[in-house]
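K.L.:
Pasting a structure here, questions to come.
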Amino acid sequence: MAMNGSLKMAATALLLVLAIVPAALAVTHTVGDASQWASGVDYADWVKGKTFRVGDTLEFKYGASHSVDVVDKAGYDGCDGSSASEKHSDGDTDIELKTVGPKYFICPTPGHCQAGMKLEVTVVAASSGTPSAPTPPSSTPATPSTPDSPPAAGTPGTPTPASGSTSPPPPAGGASKGMMSYVLVGVSMVLGYGLWM
């Protein structure tokens, strides 16, 4: 059975909306949340409970004494940025996660990576379903430290979260709100074409 012109246009509009929706699902993760990319932050703890998907962005915000190197597993383990695939020092670096698998980041300033200023995230495939709310920032404040010096010998390099601390509810809006806008526009277009027939 052949489709008439209006029905074809409605189907095309719906396909366009479905192609746009995955872009609305992408999330920007500010590395370290309020503590940002700095000394004295437990990044292994920061990644817990978060999902990083292809299309998401890691936003590194940091002071002049820091930078971000994208490294491989050996560079991460050895705190060695000599073979980094990317080097950033602009103070506000956005890195889009383009492929699945583990990704590694270090601060190459001497002593910083060794003191814990390194990040490993595992990226999974982009979601095709309804997005979950973005992960709320940690409510545990970072322990202040001297920005350019590693912790003294025998002292832990990372803060310990307070027992019984809870995370605040996720902020309203975000990816869910963006996706809903695209879906509503698409449904409106399809219904409009249907009524126009």
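K.L.:
When only residues in segment 69-117 that are farther than 24 Å from Arg53 by Cβ and touching an Asp or Glu at 6+ places or on another chain (Cβ under 6 Å) count, which is surrounded by the fewest Cβ atoms within 10 Å (Cβ to Cβ)?
P.N.:
Here the residue is Lys87.
K.L.:
Right, here's the next one. Applying the selection to segment 25-37, what residues are out of contact with any strand residue (DSSP E or B) (no Cβ under 9 Å at 6 or more places or on another chain) and buried (at least 20 other Cβ atoms within 10 Å of the Cβ)?
P.N.:
The one that is out of contact with any strand residue (DSSP E or B) (no Cβ under 9 Å at 6 or more places or on another chain) and buried (at least 20 other Cβ atoms within 10 Å of the Cβ): Ser35.
K.L.:
Follow-up question, since we're still on this one. May I ask you to list the residues in segment 88-123 that are acidic (Asp, Glu) and more than 20 Å from Lys73 (Cβ to Cβ)?
P.N.:
Once the filter is applied, which keeps residues that are acidic (Asp, Glu) and more than 20 Å from Lys73 (Cβ to Cβ), segment 88-123 yields Asp90, Asp92, Asp94, Glu96.
K.L.:
Further, regarding this structure: Quick check, is Asp77 without any contact (Cβ under 8 Å) to a residue 12 or more places away in the chain and not aliphatic (A, V, I, L, M)?
P.N.:
Spelling it out, Asp77 is indeed without any contact (Cβ under 8 Å) to a residue 12 or more places away in the chain and not aliphatic (A, V, I, L, M).
K.L.:
Residue pairs, Cβ under 8 Å, 6 or more apart or interchain, first in segment 80-106 and touching a residue at least 24 places away in the same chain (Cβ under 8 Å) and more than 12 Å from Val68 (Cα to Cα), second assigned to a loop (DSSP other than H, G, I, E, B) and of a type in the set (D, E, K, R). List them.
P.N.:
From segment 80-106, the pairs are Glu96/Asp56; Leu97/Asp56.
K.L.:
Quick check on segment 56-68: of everything there that is of a type in the set (A, V, I, L, M) and under 17 Å from Tyr43 (Cα atoms), which residue is surrounded by the fewest Cβ atoms within 10 Å (Cβ to Cβ)?
P.N.:
Per the stated criteria, the residue is Leu58.
K.L.:
Let me ask something additional. Give the residue, chosen from Thr130, Thr93, that is modelled with pLDDT under 95 and among the polar types (S, T, N, Q). Quick ask: steps written out before the conclusion?
P.N.:
Numbers: Thr93 fails: modelled with pLDDT under 95.
Of Thr130, Thr93, the one residue that is modelled with pLDDT under 95 and among the polar types (S, T, N, Q) is Thr130.
The values are calculated or read from the model by the stated rules, or taken from the named source; none is laboratory data. The shown structure was predicted, so the numbers you read here are calculated from the model rather than taken from an experiment. Because the Cβ atoms are built from the backbone with ideal geometry, glycine has one as well, and the counts that use them run over all protein chains shown.
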